[in-house]
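The values are calculated or read from the model by the stated rules, or taken from the named source; none is laboratory data. Every value quoted in this text rests on a predicted model; they were computed, and no experiment measured them. Cβ atoms come from the backbone with ideal geometry, glycine included; neighbour counts cover every protein chain shown.
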Amino acid sequence: MTSSTLPPTAPGPGRPPVVDHATWQAARDELLVREKAHTREGDAIAAARRRLPMVEVDAAATVVGPHGPVPFLDVFAGRDELVVYHSMWYDGAPPQGQCEGCTFNLWHLRDASYPNARGVSFAALTSGSWDEVEPYVAFMGYPQPWFSVRGVEASLRTEEGHLTCYLRAGDRAFLTYSTTGRGNEPADTTLGLLDMTPYGRREAWQDDPEGWPEAPDAGAPVGGHGAPICWYWRTDADGRATWGPTSRPTAQWTRPGATPETTLGRHDHHH
């Protein structure tokens with residue numbers, strides 16, 4: 001059956017209606033107008049972001065990385081601009097018990113070649129102690145530099161779950177921008193790709209046509225509401241979305257040595 005002979009109805013429940021290409025193109029062109037306006041507004045917001053003032057931070061604050069204690073200025077790696085992501089940390093927890101949302105963000109930020117080419121360094125910060133962080137980074141295979149900022153978070157104006165930008169001026173360092181939550185999404189290419197698909201992210205909050213597939217049940221309430229948001233962050237060994245003790249942050253199942261577990265090995269508190 002060719003596209004010109006397909007019936008102008010949905011081929012089944014929960015699917016877009018089938019139309020000829022000319023009708024599809026007209027609808028696509030109409031949406032493109034809105035997409036272009038969205039792009040231009042994004043450019044205008046970025047221009048405003050470049051005009052924000054900045055706040056000095058302690059460039060000499062001691063952070064701990066693979067080469068031991070170093071001043072925060074070393075995290076810039078000789079460049080003038082720095083972007084960091086501050087990963088949440090659960091003390092004493094094994095890899096499967098570490099933060100699934102932070103894993104999601106950092107998994108998308110494993111290669112900073114292009115920012116580096118623009119004079120921008122990238123690093124992961126965490127409030128975990130380095131003796132716990134170092135084997136975790138090795139297990140995950142993260143190539144980006146990690147640093148423990150335990151005890152100096154306030155002097156660097158950094159917070160867990162935030163993407164933060166800094167500017168260097170000689171031996172001084174300044175906070176220029178910080179964001180969290182959905183503000184981190186520009187770094188998460190998976191979300192942009194999912195937004196282009198018919199079913200999108202398949203999260204409970206998204207606006208779907210009537211009859212669209214419901215978001216998968218992650219098996220545990222989130223935020224006290226039971227909504228299965230961000231279900232893709234954690235899965236069990238069979239790929240089923242779950243927040244239970246047999247789960248890992250999804251990307252961990254690609255790592256050598258990742259095995260099914262029965263405990264997250266953590267308490268619901270962190271530093």
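So, in the stretch 115-139, of the ones that are in contact (Cβ under 8 Å) with a residue 60 or more places away in the chain and surrounded by 21 or more Cβ atoms within 10 Å (Cβ to Cβ), which residue ends up farthest from R49 (Cα to Cα)?
Residue satisfying both the conditions and the ranking: G128.
Restricting attention to the stretch 158-199, which residues are within 18 Å of F104 (Cβ to Cβ) and either part of a loop (DSSP other than H, G, I, E, B) or touching an Asp or Glu at 6+ places or on another chain (Cβ under 6 Å) (or both)?
Within the stretch 158-199, E159, E160, G161, D188, L191, T197 meet the criteria.
In the stretch 243-259, which residues are closer than 14 Å to W233 by Cβ and either in contact with a Gly (Cβ under 7 Å, 6 or more places away or on another chain) or of a type in the set (D, E, K, R) (or both)?
Across the stretch 243-259, the qualifying residues are W243, G244, R248.
Could you please let me know if P260 is surrounded by fewer than 17 Cβ atoms within 10 Å (Cβ to Cβ), at pLDDT 90 or above, of a type outside the set (S, T, Y) and touching a strand residue (DSSP E or B) at 6+ places or on another chain (Cβ under 9 Å)?
yes
Do the conditions hold for L82, that is, is it out of contact with any helix residue (DSSP H, G or I) (no Cβ under 6 Å at 6 or more places or on another chain), buried (at least 17 other Cβ atoms within 10 Å of the Cβ) and modelled with pLDDT of 95 or more?
Here the answer is no, as L82 does not meet what is asked.
Return the only residue of S121, S155 being assigned to a helix (DSSP H, G or I) and closer than 16 Å to D74 by Cα.
Going through S121, S155 in turn, the sole match is S155.
For the stretch 189-211, which residues satisfy the criterion of being in contact with a Leu (Cβ under 9 Å, 6 or more places away or on another chain) and either within 28 Å of V75 (Cβ to Cβ) or not small (G, A, S) (or both)?
Across the stretch 189-211, the qualifying residues are R201, R202.
Quick one: which residue in T189, T164, T179 is out of contact with any Phe, Trp or Tyr (no Cβ under 6 Å at 6 or more places or on another chain) and either at pLDDT below 90 or loosely packed, with under 15 Cβ neighbours inside 10 Å (or both)?
That would be T189, the only listed residue that is out of contact with any Phe, Trp or Tyr (no Cβ under 6 Å at 6 or more places or on another chain) and either at pLDDT below 90 or loosely packed, with under 15 Cβ neighbours inside 10 Å (or both).
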